[in-house]
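Presented below is the structure to which this report refers.
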DNA sequence: AACTAGGCT
DNA sequence: GTATAAGCCTAGTTG
């Protein structure tokens, strides 16, 4: 599917998707066995604080509602908000059972009633408590290390993680940082985190041969700022923060086949404005536009799409008479080569890194890969070796696969996942 | 087990 | 007129 791309000066290791998966398997098994050190008492303290806060919020919500309903029950929540308190529902999405009480919907009516704010905070905290703070301390081994199980997703090509999932450790908000501080390096060690910068956008720039994006990446220009300048008809140095934020959503949205409606929902803007931005985007990025059309057409014709290394994803409903079904598959077909190729680049880097760490230069090091989170690798490294290992990791991640745009990796380090600073 | 919600990339 | 952003895992409620 990509033979025309491979002529264009990119350099790929001679290996198939199947071989990548086979080789990354043992690397994942080693990472599982190693495990990441958890500061259990820190999490327990946080759990206690959170429980106290949740109890307060519960009382407050019940008092405002004048009803001791179960806040964890969406049905009872909808009953209280929309029947008892008669909050407006005109802007709200519906679920199969009634009006949605999801956070994204409640935010739309936050100003209508003082009950919404405590509900949102209650929801946030009870999620953190029940999914992270309470279960994780119970799952550590005798050395206080937490072991996940990695799997290889057979429809996307990504690596997944379960029991516990270490790919969705909270990071947003003040609580996110606190929780991350419990994921620590052992004595004498530090953690290194190495992140691909906008790997999926770089991949699609290359797969699509989008000249605008290729030029931006090649010149080290911030891609979201560049897109903002394009859709708002302005200069790079005149782009505002808000414009950049919108452009960032557009950039990612396009990868997922986002519609004007979806963009308007995500940004709380009008559908007209959303449509304007998307149109403008495709005017400038003709390569991306063509990629979307060509990929959807290829999928329809052949029943599958594939990644740069030949991982296939099959589709059976692209011609479904149910338009939403067909359109959903169309979006998957457009996204799959991008997400899948990015996953292959990461897996190849992990394999290469694992091999390098076994060679003479590094065989005495106790450096261990611990986590892999879609575009990121986390390692535990002896303090004295931080610079040496950081350079190695960066070099391998950036150079194992050479696309037609540079691949950039940012490296940070710290005693815990909650206090990583750029290197 | 279905449904809703919400954590992450 | 209808639905509308890719993917993963986990937890609580309900029947």
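The values are calculated or read from the model by the stated rules, or taken from the named source; none is laboratory data. Just so we're clear, the structure is a prediction, and the values are computed from it rather than from any experiment. Glycine gets a Cβ as well: all are built from the backbone with ideal geometry, and neighbour counts include every protein chain shown.
As a summary of the residue check, residue A:163 satisfies the conditions (1) more than 10 Å from DNA strand C (Cβ to nearest atom); (2) more than 30 Å from residue A:8 (Cβ to Cβ); (3) touching a residue at least 12 places away in the same chain (Cβ under 8 Å) except for the one numbered (1).
Looking across the stretch A:87-99, the residues that are assigned to a loop (DSSP other than H, G, I, E, B) and more than 11 Å from DNA strand C (Cβ to nearest atom) come down to A:87, A:88, A:89, A:90, A:91, A:92, A:98. Among the residues of the stretch A:371-411, those that are in a strand (DSSP E or B) and either within 21 Å of residue A:307 (Cα to Cα) or under 18 Å from the mean Cα position of the chain (by Cα) (or both) comprise A:371, A:372, A:376, A:377, A:378, A:402, A:409, A:410, A:411.
In a residue-by-residue description of the stretch A:333-346, the property of being part of a strand (DSSP E or B) and more than 16 Å from DNA strand B (Cβ to nearest atom) applies to no position. So, residue A:56, is that one exposed (fewer than 14 other Cβ atoms within 10 Å of the Cβ) and under 30 Å from residue A:379 (Cα atoms) or not? Answer is no for this residue. Take the conditions at pLDDT 95 or above, farther than 25 Å from residue A:404 by Cα and crowded, with 22+ Cβ neighbours inside 10 Å and apply them to residue A:357. Does it pass? In short, no. Number of residues in the stretch A:234-282 that are near DNA strand C (Cβ under 9 Å from one of its atoms) and not in a helix (DSSP H, G or I): the value is 4.
When residue A:137 is tested against (1) out of contact with any helix residue (DSSP H, G or I) (no Cβ under 9 Å at 6 or more places or on another chain); (2) at pLDDT 95 or above, exactly one condition is not met: (1). Every test in (1) within 12 Å of DNA strand B (Cβ to nearest atom); (2) farther than 21 Å from residue A:269 by Cα is passed by residue A:101 save one, and that test is (2).
Quick grid of which residues meet (1) buried (at least 17 other Cβ atoms within 10 Å of the Cβ); (2) outside the structural domain of residue A:73 (by TED's automatic domain parsing):
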site: A:95; (1), (2): no, no
site: A:113; (1), (2): yes, no
site: A:124; (1), (2): yes, no
site: A:128; (1), (2): yes, no
site: A:163; (1), (2): no, yes
site: A:173; (1), (2): no, yes
site: A:184; (1), (2): yes, yes
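For the criterion of being surrounded by fewer than 15 Cβ atoms within 10 Å (Cβ to Cβ), more than 10 Å from DNA strand B (Cβ to nearest atom) and without any contact (Cβ under 8 Å) to a residue 60 or more places away in the chain, residue A:151 passes. Restricting A:61, A:54, A:71 to residues that are part of a loop (DSSP other than H, G, I, E, B) and either away from DNA strand B (no atom under 16 Å from the Cβ) or closer than 30 Å to residue A:177 by Cβ (or both) narrows the list to A:71.
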